[in-house]
Amino acid sequence: MPRREKGFAICVENRGAEDLDVRKVYRVLHDKNAAATGYVRVIDESGEDYLYPADYFVFVELPQKAKRAWTATRSLAKRRSSTNKPLQRTGARVARSGR
């Protein structure tokens, strides 16, 4: 079955699906068979898609700028290695006591 992106949805419930985060935006794929049985196909953090009850989500239309930012953030997160550099602070350093 060919799949195409349907859009985005906000998780509003995760009873029995602890891998979902309430209030988080997820990408949703079009799946007629899942929809016919009350489910929705959602892409999780791993980039894999899984079926969840449709009533766990509220579908939303994001503005183009938000869509670009959301998908860019996801793409960058996948490309990052586990050896991230520590954050560099700018501005004056605070003197530590005892040194």
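The values are calculated or read from the model by the stated rules, or taken from the named source; none is laboratory data. Since this is a predicted model, take the numbers as computed values, not measurements. Positions of Cβ are generated from backbone atoms using ideal geometry, with glycine treated the same way; all protein chains shown enter the neighbour counts. With ligands, DNA and RNA removed, areas are computed over all heavy atoms of the protein, side chains included. Shrake-Rupley method; radii C 1.70, N 1.55, O 1.52, S 1.80 Å.
Quick check for you: with a 1.4 Å probe and neighbouring chains kept, what is the accessible area per residue of the stretch 1-67, in Å²? Intermediate results must be reported in sequence, preceding the final value.
On the way: 4370 Å² over 67 residues.
Result: 65 Å² of accessible area for each residue.
Once fully extended, how much extra length lies between Asn14 and Glu61, figured as 0.36 nm per residue of separation less the alpha-carbon to alpha-carbon distance?
Details: separation 47, 0.36 × 47 = 16.92 nm, distance 2.11 nm.
So the chain would gain 14.8 nm between Asn14 and Glu61.
Checking the a/c ratio against 1.5 first, then a/b against b/c, what shape does the Cα gyration tensor give for the stretch 13-55?
oblate
To the nearest 0.05, how large is the calculated FRET efficiency for His30 and Arg68 if R₀ is 22 Å and r is the Cβ-Cβ distance?
Working: r = 21 Å, r/R0 = 0.94.
That pair, His30 with Arg68, gives E of 0.60.
Got a sec? What order do Thr71, Thr37 fall in by accessible area at 1.4 Å, biggest, i.e. largest, first?
Thr37, Thr71
Would you mind computing, in nm to one decimal, how far apart the modelled labels at Arg23 and Glu48 are, each placed 7 Å from Cα along Cα→Cβ?
2.8 nm
Tell me, what is the 1.4 Å probe accessible area of Val60, in Å² to the nearest 10?
In the full protein context, Val60 sits at about 40 Å².
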